[in-house]
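First comes the structure, then the notes that go with it.
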Amino acid sequence: MKKTMFLLVLAIIGKQASCQDVNKQIKEKDVTRVIGTLAADNMQGRATFTPGIEKAARFIESEFKHIGLKPMVGNNGYRQNFTLTRTRPVTTQISINAKVIAADSAFVATSATSININQLADVEIINVTPDKDFRSVYRSLINTSKKLLIMVDPKFASFFKRLKDRAEAGSVAMKTNDSQVLVYVLGVYADIKALQVTYTGKAEVLPLFNIAGIIPGTTKPNEYVIFSGHYDHLGIIKPMQGDSIANGADDDASGTTAVIELAKYYKKAKNNTRTLIFVAFTAEEIGEYGSQYFATTVHPDDVVAMFNIEMIGKKSKFGENSAFITGFERSDFGTILQKNLTGTPFKFYPDPYPDQNLFYRSDNASLAAVGVPAHTISTDQIDVDSLYHTVKDEVSSLDMANITATIRAIALSAQTIVSGIDTPKRVAKLEN
């Protein structure tokens, strides 16, 4: 009994020491400085392919250099360079039953530069009826190699418009797939007997880059633990009350700030037996392309866990000192984290928004799909967040104390994974 009590006292003292250390090392003033820089107006909303994201990348690189991170193997610096092909529509005309569809009710998503469809038999028809989830249908078609006519019920007009605007800005792909032709039409047709699609586009190859650095592991250097967030956002969008800069303070300057502060913390802690990778992903907002590329640079079996951090700028629906983990039930990742927080006021909860399919809507998805315990940590009340993807997502809307508390909790909760004591169970691989 005395021995048990002695060990319990030691554990409590150790937990208190760890909490004191993390509170000392991860400071609110540092969090405020980093997020304030990333979400400043002069970053112009950090849209992919813009000068703003280049400026943000240079800032993150400077932070990684100051911390003392090393580049990933095979990279000369912190940039993971890759390219996307963007195909912009030049001309589009779609007719159903010999009637030309209004321009605001139709668009084509493809990486092909020339399409001419005259036979209905050449395409498969998908009807997105009011009882379906249009977002899920859209995501399920991203990697298809088919020619499809997707008829969308007017109920989904708002999301349809967003997709149309995105397509007109240019369909992007890591690899061109000319066999994929997705023809979206907003409207209900009882009997489709004829279809004609004439489309031309212009393709250009554009550079992109993740920013990644590592702290090599001591005794398990070939086992990786990843801390990530995305540093891109929407850029300049439709003005609201005279403001057109979508600063993306919560989405996801908050997560990128967490990555930087965690890198700083673990570099000073010097307690990682496993190699720690800290990565700021690009192009999340246009299709998670940065994390898709990153997933090709590491072998999934070598990745022990992935802490993806997305939108931790405000209190969660569970109140102060709380966050949720997407896919909580898919592995024991969350259970391990919560065990390491015993004796602290912070608690991780399962994702309270299962209908949003958040597990496969963030940058953890590419590695989760191949079995990695890759989860996203967030506090966003996405069902009521009126600032999401608007110009009002600014630093002034954030709760810096909440962000700081969440980063500290992640640092504490990851300790046994970082030090090689705990290894989360693998998640089920996503079937093709």
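How would you order 83-94, 362-373, 382-393 from highest to lowest mean count of nearby Cβ atoms within 10 Å? Intermediate results must be reported in sequence, preceding the final value.
On the way: 83-94: 17.2, 362-373: 24.4, 382-393: 15.5.
The peptides rank, most packed first, as 362-373, 83-94, 382-393.
What's the magnitude of the charge dipole for the range 85-205 around its Cα centre, counting Lys and Arg as +1 and Asp and Glu as -1 at the beta-carbon? Answer in Debye, nearest 20.
That gives the range 85-205 a dipole magnitude of about 280 debye.
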Cα→Cβ-extended label distance, 7 Å offset, between residue 113 and residue 158, nm: 3.9
Charge dipole (the range 85-205, unit charges on Cβ, about Cα centre) - positive-most of 198, 173, 102: 173
The chain - mean residue ellipticity at 222 nm from DSSP helices (-39,500 (n - 2.57) per run, n ≥ 4, rounded to 500): -9000 deg cm²/dmol
Gap separating the Cα centres of the range 237-251 and the range 74-128, nearest whole Å: 28
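In the chain, what percentage of the DSSP-assigned beta bridges are antiparallel, given to the nearest 5?
On the way: 43 of 76 bridges.
Here the antiparallel bridges make up roughly 55 percent for the chain.
What does the convex hull of the Cα atoms of the range 149-204 come to per residue, in Å³, rounded to a whole number?
Spread over its residues, the Cα hull of the range 149-204 gives 94 Å³ apiece.
Rounding to the nearest 20 debye, state how big the charge dipole of the chain is about its Cα centre with +1 on each Lys and Arg Cβ and -1 on each Asp and Glu Cβ. Intermediate results must be reported in sequence, preceding the final value.
Numbers: 48 positive and 45 negative charges, 221 e Å.
Its charge dipole is roughly 1060 debye.
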Principal-axis tilt of helix 157-169 within the chain, Cα atoms, nearest 10 degrees: 90
Cβ-based charge dipole, the chain, positive-most Cα from 375, 163, 66: 66
Euclidean distance between Cα centres, the range 167-233 to the range 332-360, Å: 29
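Viscosity 1.567 mPa s, temperature 4 °C: what is the translational diffusion coefficient of the range 85-205 from Stokes-Einstein with a Kirkwood Rh over Cα pairs, rounded to a whole number of µm²/s? Can you show the working numbers first?
Details: Rh = 14.4 Å.
Diffusion coefficient, whole number: 90 µm²/s.
All of the numbers you see were taken from the coordinates with simple rules; none came from a lab. The structure displayed is predicted, hence computed values, not measured ones. FYI the Cβ positions are ideal-geometry reconstructions off the backbone, even for glycines, and counts take in every protein chain you see.
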